[in-house]
Amino acid sequence: MQSENRFFDDFAKFVNGAAGTFAGMGREAEAAARERARDWIGGLDFVSRDEFEAVKEMAAAAREEADALRTRVAALEALAEKQAAPAPSTTPATARRRKPADPS
């Protein structure tokens, strides 16, 4: 049964139009917010995930190389200290000097 009252039909059309308008405004606001966020984030110095992973691997390799070099330097320093140590005397400290023979 269709209503004979035109007021309700016009009111229903008005509400449907308003709902569509508000839905469109919501989509436009969301798109504008996304664009502003993209611009804001683009202005910051963010890196991509691939770049981050590549730099992370480079840092790990550099850390391993530094550890290896640290070990090598320690071994070389130990060797240098060993070579720089004074050699023990071949004559005992308690040995006496001979007095020259008396020619008379």
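The values are calculated or read from the model by the stated rules, or taken from the named source; none is laboratory data. Keep in mind that what you see is a predicted model, and the values were worked out from it rather than measured. In this analysis, Cβ positions are derived from the backbone assuming ideal geometry, glycine residues included, and neighbour counts consider all displayed protein chains. SASA here: full protein model, heavy atoms, side chains in, ligands and nucleic acids out. Shrake-Rupley method; radii C 1.70, N 1.55, O 1.52, S 1.80 Å.
Quick notes
- Subset of the stretch 42-55 [at pLDDT below 80 and open to solvent by less than 80 Å² (accessible area, probe 1.4 Å)]: 42, 43, 44
- Condition met for residue 7 (exposed (fewer than 10 other Cβ atoms within 10 Å of the Cβ) and either assigned to a helix (DSSP H, G or I) or out of contact with any helix residue (DSSP H, G or I) (no Cβ under 8 Å at 6 or more places or on another chain) (or both)): yes
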